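Engineer: After the structure tokens below, expect a handful of questions from me.
The values are calculated or read from the model by the stated rules, or taken from the named source; none is laboratory data. Just so it is clear, the structure is predicted and the values come from calculations on it, not from any experiment. Cβ: placed from backbone, ideal geometry, glycine included. Neighbour counts: every protein chain shown.
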Amino acid sequence: GDSVTQTEGPVTVSESESLIINCTYSATSIAYPNLFWYVRYPGEGLQLLLKVITAGQKGSSRGFEATYNKETTSFHLQKASVQESDSAVYYCALGDLGGSNAKLTFGKGTKLSVKS
Amino acid sequence: ETAVFQTPNYHVTQVGNEVSFNCKQTLGHDTMYWYKQDSKKLLKIMFSYNNKQLIVNETVPRRFSPQSSDKAHLNLRIKSVEPEDSAVYLCASSRDWGVSYEQYFGPGTRLTVL
């Protein structure tokens, strides 16, 4: 089946430092799945951070970026300068394009703590 | 702003009991989901409902059953809980089915089975 592997947390960085959370995927049912980053801030529900549905494209949101790399089957999340408010749990996810088995497959999540 | 509501927040019960969790979305979405997040933090899809039709059932034990009265509500019933059912159950909704649609999640219900 499909699988997603991401940086094992917790990850702690200082404010204004750069960040990269690695994500690699394995899609057995489809060659070019949709790729997502979801985030869960403390006390809130899981929410979409960004998504990319076309291989080679980059998605961005709230200063975060991720590029869909089909050669390395990766979708790493990056930010040039983190803030304390970025402290959250980040989930990389893969989705097939449709059909009766349409579903999201999530990674285990990476807990990020940003210290001031 | 919360738009997917789940009750209860926590539930502790004994092995063999029946439990039911509620989920309501106020987004006017057509598709709702239940996910299970186990102790290893892995989030796995359990069910998807689109216009009251079950779309996905991921080899979930038969003691689990989704229940929907309308497209805004999707409850989860566990007929006779087992220790391995201890987990956080997340409800979500999306405008339509298909993974390109953003999913909106509720805060989760944490179940502990003693």
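Engineer: For segment B:1-64, list the strands (runs of 3 or more DSSP E) that sit wholly inside it and hold at least 2 residues that are surrounded by fewer than 18 Cβ atoms within 10 Å (Cβ to Cβ); which are they?
Structural biologist: Of the strands (runs of 3 or more DSSP E) lying wholly inside segment B:1-64, those with at least 2 residues that are surrounded by fewer than 18 Cβ atoms within 10 Å (Cβ to Cβ) span B:4-7, B:10-13, B:19-25, B:53-57.
Engineer: Same structure, new question: Regarding A:ARG62, is this residue within 14 Å of chain B (Cβ to nearest Cβ) and either closer than 20 Å to A:PHE106 by Cβ or in contact with a Lys or Arg (Cβ under 7 Å, 6 or more places away or on another chain) (or both)?
Structural biologist: No.
Engineer: Which residue is nearest to the other protein chains (Cβ to nearest Cβ), if the candidates are limited to segment A:17-29 and must be outside any strand (DSSP E or B), of a type outside the set (D, E, K, R) and in contact with a strand residue (DSSP E or B) (Cβ under 9 Å, 6 or more places away or on another chain)?
Structural biologist: Here the residue is A:ALA27.
Engineer: Here is a list of conditions, (1) more than 14 Å from the chain's Cα centre (by Cα); (2) at pLDDT 95 or above, and B:GLN53 meets all of them except one; can you say which number that is?
Structural biologist: Failed condition: (2).
Engineer: Within segment B:82-108, take every residue that is under 30 Å from B:GLY16 (Cα atoms) and polar (S, T, N, Q) and give me the one that is modelled with the highest pLDDT.
Structural biologist: B:SER86
Engineer: Has segment A:102-112 got any residue that is at positive phi and touching a Gly at 6+ places or on another chain (Cβ under 9 Å)?
Structural biologist: Yes, segment A:102-112 contains at least one residue that is at positive phi and touching a Gly at 6+ places or on another chain (Cβ under 9 Å).
Engineer: Taking the residues in segment A:12-37 that are of a type in the set (Val, Ile, Thr) and touching a Ser or Thr at 6+ places or on another chain (Cβ under 6 Å) as candidates, determine which candidate is farthest from B:TRP97 (Cα to Cα).
Structural biologist: Only one residue fits best here, namely A:THR12.
Engineer: From A:LYS79, A:LYS70, which residue is more than 11 Å from every other protein chain (Cβ to nearest Cβ) and over 30 Å from A:SER116 (Cβ atoms)?
Structural biologist: Testing whether each residue is more than 11 Å from every other protein chain (Cβ to nearest Cβ) and over 30 Å from A:SER116 (Cβ atoms) leaves just A:LYS70.
Engineer: OK, next. Identify the residue in segment A:20-62 that is among the polar types (S, T, N, Q) and more than 12 Å from the chain's Cα centre (by Cα) and, among all such residues, is modelled with the lowest pLDDT.
Structural biologist: A:SER29
Engineer: Give me the residue from segment A:30-41 that is in a strand (DSSP E or B) and within 11 Å of chain B (Cβ to nearest Cβ) and, out of that set, farthest from A:TYR91 (Cα to Cα).
Structural biologist: A:ASN34
Engineer: List pairs: first residue in segment B:10-24 and aromatic (Phe, Trp, Tyr), second residue not in a loop (DSSP other than H, G, I, E, B) anywhere in the structure, Cβ distance under 7 angstrom, at least six positions apart or on different chains.
Structural biologist: Every condition considered, the pairs that remain are B:TYR10/B:ARG110; B:PHE21/B:GLN6; B:PHE21/B:ASN75; B:PHE21/B:LEU76; B:PHE21/B:TYR89; B:PHE21/B:THR109.
Engineer: I'm checking my understanding of the structure. Among residues of segment B:29-52 that are within 8 Å of chain A (Cβ to nearest Cβ) and aliphatic (A, V, I, L, M), which one is farthest from B:TYR101 (Cα to Cα)?
Structural biologist: Checking each candidate, the answer is B:LEU42.
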